[in-house]
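Written below as structure tokens is the structure these notes are about.
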Amino acid sequence: MSVDPDWLDRDTVADRLRTAGCVFAEEEAELLLAQFAGPELELALLDRMAGEPLEHILGWAEFAGLRIAVGPGVFVPRRRSVLLLEQALAHLPRHGVLVELCCGAGGLAAAVAGGRADVTVHASDIDERAVACARENLEPRGGQVHQGDMESGLPTALAGRVDVVVANAPYVPSGQIDLMPVDARDHEPLIALDGGPDGTRMQDRVVAAASRLLAPAGVVVVEASRAQAEATAARMLWRGFAPEIVTDDEVSGTCVVGRRSVR
């Protein structure tokens with residue numbers, strides 16, 4: 001149903017969003033009204049009611065206090081990944097080197113580069129659209145973005161010199177993709193969601209890449225679900241890392257931190 005856009009005030013927009021099933025209708029209404037007006041506002045509202053992610057409509061996602069540019073077909077950073085950021089920063093020494101693999105829009109790398117002028121930050125993703133967004137987010141903050149599968153696009157000089165490898169690699173089990181919310185399932189790329197039969201396939205590839213990239217005292221930090229964290233930790237152990245599961249109920253975040261085992 002179309003409504004004269006001149007009558008689209010906050011309450012009207014929120015009511016229509018709520019009717020469409022948006023849980024945070026009031027907050028979303030405020031964001032749409034702050035960015036759009038007139039016919040553009042109604043088009044944005046119709047897109048959101050049809051299930052398009054709010055962040056794709058706005059062109060940005062809030063992450064760790066930053067506006068991270070995102071576009072159609074690019075994975076949207078989640079609040080729970082703040083735990084991943086905290087763990088990466090906790091293990092990153094002064095003048096250290098951090099690499100974000102499977103970086104998507106590069107939110108993690110951008111947050112590190114924006115808050116730590118002393119460190120060197122690289123990010124990598126295989127998807128061309130994600131790389132374009134990551135460059136917009138990271139390069140103005142002094143980082144570098146590369147396109148390639150895992151570490152294949154990174155400078156070869158990084159091998160054995162990286163202090164922290166961090167990744168929010170795809171970890172949704174293949175059989176659970178259809179159970180995801182429509183805005184993620186239908187508008188984010190499958191390559192950024194599907195983690196294989198048990199959700200750990202891409203995590204294992206990240207850890208394998210980390211074993212080649214990390215310095216002897218380096219650390220790998222991988223996001224996981226609470227249910228699969230033990231399986232993720234087992235993958236790390238098999239790859240020669242001593243894993244630690246870290247959780248944060250406030251942001252509903254879980255990650256596994258891996259340190260090289262002494263053999």
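Tell me, please, whether a residue that is over 16 Å from the mean Cα position of the chain (by Cα) and part of a strand (DSSP E or B) can be found in region 229-242. Give the steps one after another, and end with the answer.
Of the residues in region 229-242, the ones over 16 Å from the mean Cα position of the chain (by Cα) are 229-242.
Going one step further and asking which of them are part of a strand (DSSP E or B), we end up with 241-242.
Scanning region 229-242, I find at least one residue that is over 16 Å from the mean Cα position of the chain (by Cα) and part of a strand (DSSP E or B), so the answer is yes.
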Completion exercise
Counting only residues that are surrounded by 15 or more Cβ atoms within 10 Å (Cβ to Cβ), of a type in the set (D, E, K, R) and free of Cβ contacts under 8 Å to residues at least 60 places away in the same chain, region 177-204 contains a total of 5
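Would you mind stating whether Val207 is open to solvent by less than 50 Å² (accessible area, probe 1.4 Å), out of contact with any Asp or Glu (no Cβ under 9 Å at 6 or more places or on another chain) and under 22 Å from Asp149 (Cβ atoms)? If you could, list the steps in order and put the result at the bottom.
Numbers: open to solvent by less than 50 Å² (accessible area, probe 1.4 Å): yes; out of contact with any Asp or Glu (no Cβ under 9 Å at 6 or more places or on another chain): yes; under 22 Å from Asp149 (Cβ atoms): yes.
So Val207 passes the test.
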Completion exercise
Only unsatisfied item for Ser174, checking (1) in contact with an Asp or Glu (Cβ under 6 Å, 6 or more places away or on another chain); (2) in contact (Cβ under 8 Å) with a residue 40 or more places away in the chain; (3) of a type in the set (S, T, N, Q), is (2)
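For region 32-56, what are the residues that are of a type in the set (A, V, I, L, M), surrounded by fewer than 19 Cβ atoms within 10 Å (Cβ to Cβ) and in contact with a helix residue (DSSP H, G or I) (Cβ under 7 Å, 6 or more places away or on another chain)?
First, pick out the residues of region 32-56 that are of a type in the set (A, V, I, L, M): 32-34, 37, 41, 43-46, 49-50, 54.
Narrowing further to those that are surrounded by fewer than 19 Cβ atoms within 10 Å (Cβ to Cβ): 33-34, 37, 41, 43, 46, 49-50.
Within region 32-56, Leu33, Leu41, Met49 qualify.
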Practice task
Restrict the check to region 101-123 and report whether at least one residue is farther than 25 Å from Ser225 by Cβ, open to solvent by 20 Å² or more (accessible area, probe 1.4 Å), in contact (Cβ under 8 Å) with a residue 12 or more places away in the chain and acidic (Asp, Glu).
Solution key: yes
Handout entry: Only listed residue being within 24 Å of Val82 (Cβ to Cβ), touching a Gly at 6+ places or on another chain (Cβ under 9 Å) and not in a helix (DSSP H, G or I), chosen from Val207, Val219, Val166, Val256
Key = Val219
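Could you tell me which of the residues Val23, Val76 is surrounded by fewer than 22 Cβ atoms within 10 Å (Cβ to Cβ), within 13 Å of the chain's Cα centre (by Cα) and of a type in the set (Val, Ile, Thr)? First the steps, then the outcome.
On the way: Val23 fails: within 13 Å of the chain's Cα centre (by Cα).
Of Val23, Val76, the one residue that is surrounded by fewer than 22 Cβ atoms within 10 Å (Cβ to Cβ), within 13 Å of the chain's Cα centre (by Cα) and of a type in the set (Val, Ile, Thr) is Val76.
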Practice task
Scan region 21-72 for residues that are free of Cβ contacts under 8 Å to residues at least 40 places away in the same chain, more than 15 Å from Pro181 (Cβ to Cβ), of a type outside the set (A, V, I, L, M) and not in a loop (DSSP other than H, G, I, E, B) and jot them down.
Solution key: Glu26, Glu27, Glu30, Gln35, Gly38, Pro39, Glu40, Asp47, Trp60, Glu62, Arg67
Fill in the blank from the handout: Every listed condition ((1) in contact (Cβ under 8 Å) with a residue 12 or more places away in the chain; (2) open to solvent by 40 Å² or more (accessible area, probe 1.4 Å)) holds for Pro140 save (1)
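Whether any residue in region 210-220 is closer than 25 Å to Ile177 by Cα and of a type outside the set (Val, Ile, Thr) is what I want to check.
Within region 210-220, the first condition is being closer than 25 Å to Ile177 by Cα, and the residues that meet it are none.
No, the conditions are met nowhere in region 210-220.
State yes or no: is Ala234 modelled with pLDDT of 95 or more and under 23 Å from Val251 (Cα atoms)? I'd like the intermediate steps shown before the answer.
Values: modelled with pLDDT of 95 or more: yes; under 23 Å from Val251 (Cα atoms): no.
So Ala234 does not fit the description; no.
The values are calculated or read from the model by the stated rules, or taken from the named source; none is laboratory data. Since we're looking at a predicted model, the values are computed, not measured. For neighbour counting, all protein chains shown are included, and Cβ atoms are generated from backbone atoms with ideal geometry for every residue, glycine included. Just the protein is used for accessible areas: all its heavy atoms, side chains included, with ligands, DNA and RNA removed. Shrake-Rupley method; radii C 1.70, N 1.55, O 1.52, S 1.80 Å.
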